[in-house]
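**Q** Next up is a structure, given as structure tokens.
The values are calculated or read from the model by the stated rules, or taken from the named source; none is laboratory data. What you are looking at is a predicted structure, and each value in this text was computed from that prediction instead of being measured. Note that we place each Cβ from the backbone using ideal geometry, even for glycine, and neighbour counts take in every protein chain shown.
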Amino acid sequence: MARLTHTDETGGARMVDVGGKQATRRRAAARGRVRFNREAFQLLKENRLQKGDALGTARLAGIQAGKRTAEWMPLCHQVPLDHLDVTIELLDSRCEAVVTAMAGARWQTGVEMEAMVAVSAACLTLYDMAKGVDRSIRITAIELLEKSGGRSGDWRRDGENV
């Protein structure tokens with residue numbers, strides 16, 4: 001059976017030593033969805049939520065959180081990101097915000113977690129900004145869309161346009 005990379009000989013959690021790995025270009029994209037009731041979605045879309053600019057605040061929260069991934073996730077390395085972008089697309093037909101994060105670095109380990117943390121924080125911020133209008137907000141489908149670089153090579157979720 002293959003040995004897990006984040007456990008020691010006794011099965012305890014450990015941080016992987018990446019010191020001997022060569023720095024290569026790493027990229028990752030992640031996505032999450034936030035579904036609102038019609039009233040909350042309209043207020044979000046029109047930038048009329050009581051707490052202010054929810055879309056701008058969520059984008060910044062995602063970027064800030066993504067930069068601090070190692071503080072959120074105990075076994076993640078501090079990765080010096082070259083790029084981290086968070087975008088939010090509003091889908092009227094579904095009363096849904098689609099949050100996408102793209103992360104990039106030239107480093108010894110991947111940036112999948114940075115993209116996923118950025119999406120998570122942006123989704124949670126949208127919830128926080130709109131919860132006064134809609135407590136039934138649903139955050140769904142936080143997922144990795146693609147990653148490139150490193151020993152394991154490139155990976156892309158089937159059928160995705162990123």
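**Q** With respect to GLU89, determine if the residue is closer than 17 Å to ARG33 by Cβ, out of contact with any Gly (no Cβ under 8 Å at 6 or more places or on another chain), acidic (Asp, Glu) and modelled with pLDDT of 95 or more.
**A** Yes, satisfied.
**Q** Report, by residue number, each residue of the stretch 28-45 that is surrounded by fewer than 22 Cβ atoms within 10 Å (Cβ to Cβ) and either within 13 Å of the chain's Cα centre (by Cα) or assigned to a strand (DSSP E or B) (or both).
**A** ARG33, ARG35
**Q** Scan the stretch 49-71 and report the pairs whose first residue is closer than 10 Å to ALA122 by Cα and whose second residue is among the basic types (Lys, Arg) and surrounded by fewer than 20 Cβ atoms within 10 Å (Cβ to Cβ), with Cβ atoms within less than 8 Å and a gap of 6+ or a chain change.
**A** If the second residue must be among the basic types (Lys, Arg) and surrounded by fewer than 20 Cβ atoms within 10 Å (Cβ to Cβ), the pairs left are THR57/LYS51.
**Q** Any idea how many residues of the stretch 141-156 are modelled with pLDDT under 95 and under 15 Å from the mean Cα position of the chain (by Cα)?
**A** Final tally of qualifying residues: 1.
**Q** Has the stretch 117-128 got at least one residue that is touching a residue at least 24 places away in the same chain (Cβ under 8 Å) and assigned to a strand (DSSP E or B)?
**A** no
**Q** Looking at the stretch 79-111 only, could you name the residues that are in a helix (DSSP H, G or I) and either farther than 16 Å from CYS123 by Cβ or among the aliphatic types (A, V, I, L, M) (or both)?
**A** Correct list: ASP92, SER93.
**Q** Related question: Identify all residues within the stretch 129-161 that are under 19 Å from HIS83 (Cβ atoms) and not in a strand (DSSP E or B); write none if there are none.
**A** Correct list: GLY149, GLY150, ASP154.
**Q** Also: Specify the residue that is farthest from LEU84 (Cα to Cα); the eligible residues are those in the stretch 50-70 that are hydrophobic (A, V, I, L, M, F, W, C) and crowded, with 17+ Cβ neighbours inside 10 Å.
**A** Per the criteria, the residue is ALA54.
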